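The values are calculated or read from the model by the stated rules, or taken from the named source; none is laboratory data. Source: prediction; values computed, not measured. Every residue, glycine among them, receives a Cβ derived from its backbone with ideal geometry; neighbour counts consider all protein chains shown. All accessible areas refer to the heavy atoms of the entire protein, side chains included, with ligands and DNA or RNA removed. Shrake-Rupley method; radii C 1.70, N 1.55, O 1.52, S 1.80 Å.
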Amino acid sequence: MIKSQLKKRVDTCFQLGIREGFWSEAAAERYTVEVPKHEEQGDFSTNLAMVVAGMDKKNPREVASRLVDMLASDKDFIDRLEIAGPGFVNFFLKDEVWRTVLDPVLENEAQFGLADIGAGKRVMVEFVSANPTGPLSIGHGRNAILGDSIARLLEAVGYDVTREYYFNDAGRQMRVLGASTRARYLELLGKESEFPEDGYQGDYIYDIARAMIAESGESLKDADVMVFKDYAKAAIFRDIDNTLKKIGITFDTYYNEHSLYEEGLVDEVVRDLRSKDLVYEKEGATWFKTTVLGQEQDRVIIKSSGEPTYRLPDIAYHREKFRRGYEWMIDIFGADHIATVPDVLAGVRALGLDETKIDVILHQFVTLLRDGKQVKMSTRKATFITVDELLDEVGPDVLRFFFLMRKADSQLEFDLDLATRQSQENPVYYVQYAHARLCSIERQAAEKNIAPKPPGKASLEYLVEPEEYRLLKTVAGYPALVAGAAQDLAPHRIIFYLMDLAGQFHSYYNKHKVLSDDENMTAARYCLCRAIKIVFRNGLNLVGLRAPESM
RNA sequence: GGGCGGGUAGCUCAGCUGGAUAGAGUGUUGGCCUCCGAAGCCAAAGGCCGCGGGUUCGAAUCCCGCCUCGCCCA
């Protein structure tokens, strides 16, 4: 807000400079106004002079001094200007400008930081999408938390978000699940059974089989695999759902891959691609001419066995997303799905749809560290750690926080030793503690009969400490942070912001007493603290974390 | 062999469209509770930003080559 006000003033000067013939318009939209890395370089800084100089072959410091002359009259807003380094113009704003940031925070409270850049546009976030063959692994956990947080961010900036879970309960995987369950069922009954070679070895299959025995006894001993498949599927879905609920994740819609076949949508894709001459038969299989669309090689879409490859339903599914009216589609996948992405996008493009409306977030893998050593996991042998187990150890807040601490592109090392520490070094508590402390200040104030005052009546000129202005500036940056994190689909930035704000606040708290004998100073500091508390609560809630009032 | 993602402090990682002197947590060392919550604070040490070239006023950031780790395809 403050930044955009300043940017407007700089833009005006830039236009004026063009009219005066100081420079050309070549630099329009290319220069920026930023917060510099070091405080002594000002509240803000612009590279306008260097960009203009580069385009027009002028001396940057001369351009800078023209700009400074034009801005110098703005005495109400700008306290001081300087030309520095290779030609930066640094801005030092009036203190009272910074004091205006508290008003919108306290006025809007929970709404502070929300925006309407989405303008109600419909966006779908598809995530988790794990087939019901077993409990969620920690990889799914990262996917789930990333997807949900991105959805929350988009909601915060005004998009109409649908969370969708896509699954397939028909394929070979599911038959193997049914066979595995039946084998365990018979085994538990002491009957002869043959466990499938590539069966699911996890103990959860025993649990499901036990439940079936408890319900139906031996009556299913001659039942078809399908019976076991359906039972196992339902049980596993319940399980997944429960796990997700524990981290505060729910879905708006579930989409079954099978319905694509039932409704003939898969065949339709083949037909449409064929009519565009993008499909041919070779060696009994049906091929998609992806080479025509710029890919390395053509791809099989229907195997010689008549079974489609994953590409075909994926293309049909994405076409359905378009047909259902979504203007922006976000897919959250693990890195192992990388191969499918270009083919699906090529298919979408071939069908005449705008593939730039699809954004794919590929997150890298999670490794687990316990006692300083990497925990070995194998999906086949079911020796992987589940989200549920992790939740039991660390709880939902720590899980969310740790999974959001890294950007999606980075591999994530989950340090259980750090995560399970209930105190001290754990960054989750560091941030939450800041909020709890602020709540404690409020409780203290109430006990001392100190009433909260609105910024207009709180003698804000008593805010004089450098720490207080740093805090004001950080608070002021919150709305832009949210908007940026949402548009770049980067929830980790919220986490880093909160850790920074917590550090600043703890430091301030230790150095300066908020509630003191000085009535005016108390009013001003208390006002600042209430604003900071609001930002903590909003920021934590924004990514699904709790803001505890005490710990 | 090809594609994608990494390589930044001892360790785990930020660094948004190129900007000024490279950032955090953790670890190490030393200090701070008579005082709004010590789950906290302060201070110190710690860096050829994988390597080599290029682009330019300016590169951790962009381009090319190479090394290396992870994932995927063959």
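Pairs meeting the criteria (first residue in region A:403-428 and open to solvent by 60 Å² or more (accessible area, probe 1.4 Å), second residue modelled with pLDDT under 80 and more than 6 Å from RNA strand B (Cβ to nearest atom), beta carbons under 8 Å, at least 6 apart or on different chains) are A:Glu425/A:Leu418.
Listed by first and then second residue, the pairs linking a residue in region A:290-304 that is free of Cβ contacts under 8 Å to residues at least 24 places away in the same chain to a residue that is exposed (fewer than 13 other Cβ atoms within 10 Å of the Cβ), with Cβ atoms under 8 Å apart and 6 or more places separating them unless they lie on different chains, are A:Thr291/A:Gln297; A:Ser304/A:Glu283; A:Ser304/A:Gly284. For region A:481-521, filtering for residues that are more than 12 Å from A:Leu153 (Cα to Cα) and either in a loop (DSSP other than H, G, I, E, B) or near RNA strand B (Cβ under 8 Å from one of its atoms) (or both) leaves 18.
Taking into account only those residues within region A:17-50 that are part of a helix (DSSP H, G or I), more than 8 Å from RNA strand B (Cβ to nearest atom) and within 41 Å of the chain's Cα centre (by Cα), which is nearest to A:Gly85 (Cα to Cα)? Step by step, filter region A:17-50, then rank; the result is A:Ala49. Of all residues being touching a residue at least 40 places away in the same chain (Cβ under 8 Å) and over 37 Å from the mean Cα position of the chain (by Cα) in region A:438-457, which is surrounded by the most Cβ atoms within 10 Å (Cβ to Cβ)? Just the residue, please. If we take residues in region A:438-457 being touching a residue at least 40 places away in the same chain (Cβ under 8 Å) and over 37 Å from the mean Cα position of the chain (by Cα), then A:Ile450 is surrounded by the most Cβ atoms within 10 Å (Cβ to Cβ). Report whether or not A:Ala53 is within 9 Å of RNA strand B (Cβ to nearest atom) and part of a helix (DSSP H, G or I). Yes. Among the residues of region A:320-334, those that are surrounded by fewer than 22 Cβ atoms within 10 Å (Cβ to Cβ) and either among the acidic types (Asp, Glu) or modelled with pLDDT under 90 (or both) comprise A:Glu320, A:Glu327. Here A:Asp336 clears all of (1) over 30 Å from A:Asp409 (Cβ atoms); (2) part of a helix (DSSP H, G or I) except the condition numbered (1).
Rundown of residues vs (1) of a type in the set (Phe, Trp, Tyr); (2) at pLDDT 90 or above; (3) more than 6 Å from RNA strand B (Cβ to nearest atom); (4) assigned to a helix (DSSP H, G or I), yes/no style:
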site: A:Asp397; (1), (2), (3), (4): no, yes, yes, yes
site: A:Phe403; (1), (2), (3), (4): yes, yes, yes, yes
site: A:Lys407; (1), (2), (3), (4): no, yes, no, no
site: A:Asp417; (1), (2), (3), (4): no, no, yes, yes
site: A:Gln424; (1), (2), (3), (4): no, no, no, no
site: A:Tyr429; (1), (2), (3), (4): yes, yes, no, yes
site: A:Arg437; (1), (2), (3), (4): no, yes, no, yes
site: A:Ile441; (1), (2), (3), (4): no, yes, no, yes
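If the requirement is being open to solvent by less than 70 Å² (accessible area, probe 1.4 Å) and without any contact (Cβ under 8 Å) to a residue 24 or more places away in the chain, which of these qualifies: A:Leu106, A:Leu102, A:Leu93, A:Leu81? Unique residue meeting the criteria: A:Leu81. Among residues of region A:514-540 that are within 17 Å of A:Glu467 (Cβ to Cβ), those with a Cβ under 8 angstrom from a residue that is surrounded by fewer than 22 Cβ atoms within 10 Å (Cβ to Cβ) and of a type in the set (Lys, Arg), sequence gap 6+ or separate chain, pair up as A:Leu515/A:Lys448; A:Tyr526/A:Lys453; A:Cys527/A:Lys453. Taking the conditions exactly as written (more than 8 Å from RNA strand B (Cβ to nearest atom), assigned to a helix (DSSP H, G or I), open to solvent by 60 Å² or more (accessible area, probe 1.4 Å) and under 16 Å from A:Ser440 (Cα atoms)), does A:Arg537 satisfy them or not? Yes: the conditions hold for A:Arg537. Selection within region A:154-187: residues that are assigned to a loop (DSSP other than H, G, I, E, B) and not acidic (Asp, Glu). The member of this set that is surrounded by the most Cβ atoms within 10 Å (Cβ to Cβ) is A:Tyr159. For A:Val464, the stated conditions do not hold, so it cannot be described as more than 11 Å from RNA strand B (Cβ to nearest atom) and within 30 Å of A:Gly395 (Cα to Cα).
Listed conditions (1) of a type in the set (Ser, Thr, Tyr); (2) in contact (Cβ under 8 Å) with a residue 12 or more places away in the chain; (3) more than 24 Å from A:Ala480 (Cβ to Cβ) are all met by A:Ser73, apart from (2).
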